[in-house]
Amino acid sequence: MIQSKNLWVYRGASEEHSDKTEKLPVSPLMAKVLNNRGIKNTDDMMSFLHPDYSRLHDPFLLKDMEKAVERILEGLAQKRKITIYGDYDVDGITSTSILFMFLKENGGNIDYYVPDRIEEGYGLNIDAIRKLKDSGTEIIITVDTGIAAVNEAKFAKELGIDLIITDHHECQSEIPEAYAVIDPKQKECGYPFKLLAGVGVTFKLIQGLAKKLRVENSIWKYIDIVAIGTVADVVSLVDENRIFVKKGFESIPNTWNVGLKTLLRVSGYKGGAITAGLIGFGIAPRLNAAGRVGDAKRGIELFITKNEETATFIAEELNDENRRRQEMEQRILEEALELIEKELDMENTKVIVVASENWHHGVIGIAASRIMEKFYRPTILLCIEDGVAKGSARSVSGFNIFEALCSSSQFLTKFGGHEMAAGLTMPIENINDFRIFINEYANNIMDEETLIPKIYLDAHIKLDDINLDLATELALMEPYGVGNPQPLFSLESVIQNIRPVGKEGNHLKIAFTDSNKIVNGIGFGLGDYSNYLNWGRKVSVAFALEINKWNQVEEPQLLIKDLKYTEEDEMKYNYYLSLYHLFKQIDIKQKEATMDLDLEYKLSTEDLFDDRKTILLVHTKTNLVKLLKEIKNHQNLFNKKPKVWYTNCCGSKSEYDIVVNPIIEHIDFNSYEKVILYDPLWSPSEYNLLKKKVNILYWVEKSYTIHQDEIKKLIPNRQDFAALYRHIKLLETLNIRSAYLDHLLMECNKAADMNEFKLLLCMDVFEELGLIRYKFESDTVFFHHLSNQKVTLEDSKILQKMIRWAKYLKENQRGK
């Protein structure tokens with residue numbers, strides 16, 4: 001069975017797409033997608049879909065902008081030495097580059113300074129400020145850094161340096177006493193957009209200066225570099241960020257910047273539309289390599305040079321550094337995974353914290369991201385040097401790592417960042433205590449879904465909704481990124497054709513049909529699904545809609561993100577497996593007594609749902625389907641959605657647990673205020689045990705029945721046994737010793753009427769009679785054929801138990 005590891009979450013009030021919408025300049029589905037992003041009226045929609053420079057905010061709405069601009073213009077006019085103090089990541093490199101070029105172009109006496117990542121670390125430092133003072137600097141402008149530099153700001157002031165801070169990071173309790181502080185996240189700042197990258201704040205400073213100098217038309221040429229820094233810093237691509245990136249991507253293919261042209265070439269760009277993927281995986285890693293494993297100044301020199309030879313030399317050097325960075329990253333990743341296996345109990349670990357003396361500080365952030373993605377847990381990697389641990393943190397959606405570090409600040413000497421990523425420093429003796437504390441914090445903050453990867457879907461649609469017009473309209477939402485994710489949809493459809501593609505069959509080519517039309521899809525990295533999905537199977541698909549161009553023909557194509565059974569098939573699969581596990585536990589005696597249904601606390605369906613912590617036990621598939629429909633119809637009565645468990649209840653935090661085919665002795669009923677028996681248990685022994693464990697037991701009268709046709713579906717007949725045995729022998733002749741349970745079911749059902757419960761019981765009978773040995777594990781049946789000898793099925797104790805069970809169920813029905 002395809003069991004998705006992801007939680008499918010629908011944006012907006014309802015997962016279903018509706019055609020009802022007010023008159024808008026977009027299709028109803030596009031309107032829903034935009035509504036899901038908070039874009040609801042015509043003006044906002046047009047602004048979002050057609051970004052324009054005219055929609056940028058006035059830079060002087062930023063706190064201290066007027067003051068900063070006046071001081072810089074005064075410094076330019078008087079030829080005072082101005083030094084731009086940058087950062088060594090892409091945001092810092094691009095920020096430094098555009099401000100340097102603009103001030104130089106406007107006659108400034110300009111220099112720049114980027115701290116060494118290893119020797120100096122992140123942000124302003126006192127030694128650097130002293131050096132700059134000694135070099136004649138009178139004005140320091142920080143870019144992408146400075147908001148936490150309280151002591152450094154005081155020192156600069158003591159030296160007589162005018163410090164102008166421009167930053168975008170979260171503000172801590174104390175704001176530095178600088179000449180001017182420009183950060184839209186300051187509480188006192190009324191700027192309408194708070195989510196600028198560092199390069200965005202820098203560009204707003206340039207825009208403010210250009211307005212005063214009356215040269216605003218000259219600044220748009222920097223927009224390509226602004227776009228790179230904005231995408232690389234993974235900020236929300238809405239509002240001004242969207243304008244920067246959309247306009248920047250349009251200009252990059254024909255960029256005026258010699259260094260960027262060269263960097264595009266060594267990154268493998270061969271023309272065409274610029275995407276966030278090209279920046280994130282092609283351009284940004286090479287620029288980051290400059291600061292991570294070498295000198296970040298090379299990235300700045302690349303952008304500010306006008307010499308093609310110099311640009312080519314630097315770009316190729318960065319390309320080599322990036323290869324070196326990748327090797328280091330892989331080594332760190334492997335070592336970190338070894339430490340995690342040795343040191344951490346992952347079942348009880350919410351936040352991964354590991355440290356080593358062997359790691360390069362410049363690369364641990366990337367390795368932390370990869371570990372976070374692998375385990376889907378917030379991850380902090382620390383490199384130890386001279387008694388100090390410096391680290392990078394990466395988080396998952398729903399867990400604010402910056403707030404977690406704020407709560408853990410007693411262990412830290414320095415930290416900064418935002419919701420999804422942060423940097424931190426601590427004495428090595430604090431590492432263990434910090435690990436314990438941040439995990440206790442996470443235990444209190446996280447809910448049961450925080451550590452489940454999520455796919456956020458915009459709507460559930462039909463195959464018939466998909467066409468080239470819709471794909472073209474959705475493309476207006478590009479470029480995608482944080483805050484503007486690519487729209488994802490779900491649908492249910494029948495597989496018309498399926499096959500693995502790619503050199504090693506790693507990818508999946510699949511066609512879907514609803515009998516009226518066929519739509520093709522591609523699933524990268526999903527090639528293994530071809531082993532247990534077949535044509536004719538109905539599946540649920542999560543996908544993005546793209547335009548596929550091939551041989552001058554354009555057609556819509558599904559970019560498949562996830563596949564799973566339909567809700568109905570998933571429920572059926574889990575139901576029959578839970579019944580199989582329960583059947584193996586229960587004891588059906590030769591002469592089973594009639595069940596004594598001493599149940600005085602009777603409920604109507606309407607009484608099922610109240611505010612008491614409840615566990616409800618359900619057994620037949622018919623009643624499970626009915627119950628799930630009743631819950632859907634009464635969703636408004638639940639604060640939290642009821643949790644459905646199969647066989648055992650595994651420590652849910654839900655206020656309403658539903659357990660299907662429960663093993664009574666494995667369940668702790670003490671934590672529940674209300675226990676409901678929705679329909680009969682499968683045996684008197686289970687019922688008697690339940691009565692011992694529960695004082696007050698409620699039951700639902702109209703559900704208290706098991707129908708004959710349902711009983712028949714549970715007991716295998718000779719036709720079932722024969723179909724399964726034939727197929728096992730066929731697989732043996734092909735030297736195949738394993739098969740997905742789904743595959744066996746599909747083949748057997750060509751000549752029988754099997755379900756998961758019956759098939760596994762048939763396998764148990766074959767093993768008992770010495771015909772095979774087998775093991776069922778992770779949806780796969782592994783088997784070894786032992787004998788061709790003739791056997792009598794009636795000799796099987798398992799089959800005898802099934803027959804007794806069917807007879808007992810027939811004699812003990814209620815409500816017939």
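The values are calculated or read from the model by the stated rules, or taken from the named source; none is laboratory data. Not measured: the values here are computed from a predicted model. Cβ atoms come from the backbone with ideal geometry, glycine included; neighbour counts cover every protein chain shown. In case anyone asks, the SASA skips ligands and DNA or RNA and just uses the protein heavy atoms, side chains included. Shrake-Rupley method; radii C 1.70, N 1.55, O 1.52, S 1.80 Å.
If you go through the stretch 232-258 one residue at a time, how many are modelled with pLDDT under 95, part of a helix (DSSP H, G or I) and of a type in the set (Val, Ile, Thr)?
The qualifying residues number 0.
For Ile380, indicate whether it is outside any helix (DSSP H, G or I), β-branched (Val, Ile, Thr) and either at pLDDT 95 or above or surrounded by 17 or more Cβ atoms within 10 Å (Cβ to Cβ) (or both).
yes
Out of everything in the stretch 659-679 that is over 19 Å from Thr620 (Cβ atoms) and charged (D, E, K, R), what residue ends up being nearest to the chain's Cα centre (by Cα)?
Only one residue fits best here, namely Asp668.
Looking at (1) within 30 Å of Leu382 (Cβ to Cβ); (2) touching a helix residue (DSSP H, G or I) at 6+ places or on another chain (Cβ under 9 Å); (3) touching a residue at least 24 places away in the same chain (Cβ under 8 Å), can you tell me which one Ile164 breaks?
(1)
Out of Ile140, Ile129, Ile165, I need the residue that is β-branched (Val, Ile, Thr), surrounded by 21 or more Cβ atoms within 10 Å (Cβ to Cβ), over 22 Å from Ile304 (Cβ atoms) and in contact with a Phe, Trp or Tyr (Cβ under 7 Å, 6 or more places away or on another chain). Which one?
Step by step, each of Ile140, Ile129, Ile165 is checked, and only Ile129 is β-branched (Val, Ile, Thr), surrounded by 21 or more Cβ atoms within 10 Å (Cβ to Cβ), over 22 Å from Ile304 (Cβ atoms) and in contact with a Phe, Trp or Tyr (Cβ under 7 Å, 6 or more places away or on another chain).
Of everything in the stretch 444-460, what is open to solvent by 10 Å² or more (accessible area, probe 1.4 Å), hydrophobic (A, V, I, L, M, F, W, C) and closer than 30 Å to Phe249 by Cβ? Give them in sequence order.
Ile455
Does Gly190 satisfy the criteria of being assigned to a loop (DSSP other than H, G, I, E, B), closer than 21 Å to Leu73 by Cβ and out of contact with any Asp or Glu (no Cβ under 8 Å at 6 or more places or on another chain)?
no
Any idea which residue in the stretch 548-588 is nearest to Met802 (Cα to Cα), counting only those that are of a type in the set (Val, Ile, Thr) and either crowded, with 20+ Cβ neighbours inside 10 Å or touching a Pro at 6+ places or on another chain (Cβ under 9 Å) (or both)?
Filtering first and then ranking leaves Ile588.
Exactly one condition in (1) assigned to a loop (DSSP other than H, G, I, E, B); (2) open to solvent by less than 20 Å² (accessible area, probe 1.4 Å); (3) on the phi < 0 side of the Ramachandran plot is false for Gly146; which is it?
(3)
In the stretch 473-506, how many residues are open to solvent by less than 60 Å² (accessible area, probe 1.4 Å) and not hydrophobic (A, V, I, L, M, F, W, C)?
Going through the stretch 473-506 one residue at a time, the tally reaches 13.
Determine if the stretch 418-437 includes at least one residue that is outside any strand (DSSP E or B) and closer than 17 Å to Glu347 by Cβ.
Within the stretch 418-437 (the criterion being outside any strand (DSSP E or B) and closer than 17 Å to Glu347 by Cβ), the answer is yes, since at least one residue qualifies.
Looking at the stretch 383-417, which of its residues are outside any strand (DSSP E or B), touching a residue at least 40 places away in the same chain (Cβ under 8 Å) and open to solvent by less than 10 Å² (accessible area, probe 1.4 Å)?
Correct list: Val396, Phe399, Ala404.
Considering only the stretch 507-531, state which residues are assigned to a loop (DSSP other than H, G, I, E, B) and open to solvent by 30 Å² or more (accessible area, probe 1.4 Å).
Those that are assigned to a loop (DSSP other than H, G, I, E, B) and open to solvent by 30 Å² or more (accessible area, probe 1.4 Å): Asp514, Ser515, Asn516, Lys517, Phe524, Gly525.
Evaluate the stretch 246-258: report whether one residue or more is open to solvent by less than 20 Å² (accessible area, probe 1.4 Å) and in contact with a Gly (Cβ under 9 Å, 6 or more places away or on another chain).
The answer is no; no qualifying residue exists.
Considering Lys211, Lys261, Lys270, which residue is among the charged types (D, E, K, R), surrounded by fewer than 20 Cβ atoms within 10 Å (Cβ to Cβ) and at pLDDT below 95?
Result of the check over Lys211, Lys261, Lys270: Lys270.
Which one is least open to solvent (accessible area, probe 1.4 Å) among residues in the stretch 31-60 that are part of a helix (DSSP H, G or I) and basic (Lys, Arg)?
Restricting to residues being part of a helix (DSSP H, G or I) and basic (Lys, Arg), the top hit is Lys32.
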